[in-house]
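Here's the structure, in structure tokens; my notes come after.
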Amino acid sequence: MGAPLAIALAAVMGLALATVVIGLFGLSSVLAALAQIGWRGFAFLTVYSVFPFALLGTAWFVLSPGAPLRQWGVFIWARTMRDSATEVLPFSPFGGFVIGARTAILHGVAPVAAFSTTVVDVTTELIAQLGFAGFGLAMLALRLGAGSARGGLLGAGLLGLLLSAAGAAAFIVVQRRGMGLVEGLARRFLPAAVAGAGAVGRALNALYERPLRLGAAVAIHLAAWIASAAGAWGALRLAGVDIGLADVLAIEALVTAVRSAAFVAPMGVGVQEATYALVGPLFGLPAEMSL
């Protein structure tokens with residue numbers, strides 16, 4: 001079975017699972033919860049989403065040595081384009097990264113800098129995601145303790161955390177030691193922009209020799225994950241749902257951890273919905289509102 005067919009099959013299975021989960025709780029109940037959020041909640045989320053994207057773009061900008069302050073907005077816009085492309089191109093794992101880098105290049109960022117900082121930016125976000133997911137697992141363990149079903153949920157989250165950690169470690173090793181692969185990707189995805197792919201390898205090494213910049217990028221990425229969850233909390237409060245910010249942070253972190261374990265599902269379709277339905281009630285959020 002080819003990779004595109006396998007991904008398409010995983011997407012179909014995920015959609016089927018999402019449909020089953022919504023059906024179990026009733027479509028009318030889910031739509032009623034959606035209506036409860038109302039236009040104010042949607043307007044809030046739409047406007048508020050600018051803030052997490054600004055943080056994500058800032059984390060990328062911080063990694064760019066010598067980038068003038070006037071390019072700060074370029075990195076925010078390029079990061080927005082990266083995430084937008086990832087959402088509409090779920091079958092192309094590199095599509096969003098390439099489009100984000102190309103956007104930065106078209107707005108004046110040097111090609112080598114755009115590609116190398118994209119790679120390191122993805123790495124720092126993976127590391128931040130580990131901390132965010134770990135927080136959710138710790139919150140769940142403290143709140144629920146032992147239990148068969150709960151243990152299964154904790155196990156799935158822990159598996160996702162371990163897989164993410166292994167993936168981040170492997171990604172860093174490839175960047176540091178597998179320069180042939182990195183340069184090959186540069187030639188393949190940015191053939192016209194990156195004339196000398198060897199420059200990408202040197203740029204990557206130079207970026208990893210700046211621990212303060214790396215640490216700042218990780219911290220800003222973590223702040224972006226927290227800010228995104230805070231936006232969901234704000235919308236829920238506008239809908240009249242009485243739930244604490246720490247609980248929403250834990251729910252979002254746990255969903256992130258479980259999605260990592262089910263990385264074969266494009267955009268976590270199905271797995272995400274099932275996890276929300278399971279995790280939400282444990283923190284006092286009704287399943288239909290979680291969905």
Looking at Leu249, is it modelled with pLDDT of 80 or more, closer than 20 Å to Gln129 by Cβ and either open to solvent by less than 20 Å² (accessible area, probe 1.4 Å) or not basic (Lys, Arg) (or both)? yes
Count of the range 44-68 residues which are more than 14 Å from Ala104 (Cα to Cα) and open to solvent by 40 Å² or more (accessible area, probe 1.4 Å): 11
Picked from the range 103-123 (must be out of contact with any Phe, Trp or Tyr (no Cβ under 9 Å at 6 or more places or on another chain) and either closer than 23 Å to Ile220 by Cα or among the hydrophobic types (A, V, I, L, M, F, W, C) (or both)), the residue surrounded by the fewest Cβ atoms within 10 Å (Cβ to Cβ) is Leu106
Please verify whether Ala219 is open to solvent by less than 10 Å² (accessible area, probe 1.4 Å), farther than 22 Å from Leu106 by Cβ and at pLDDT 80 or above, treating the condition exactly as stated. no
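The values are calculated or read from the model by the stated rules, or taken from the named source; none is laboratory data. Just so we're clear, the structure is a prediction, and the values are computed from it rather than from any experiment. Because the Cβ atoms are built from the backbone with ideal geometry, glycine has one as well, and the counts that use them run over all protein chains shown. What goes into the accessible areas is simple: the full protein's heavy atoms, side chains included, and nothing from ligands, DNA or RNA. Shrake-Rupley method; radii C 1.70, N 1.55, O 1.52, S 1.80 Å.
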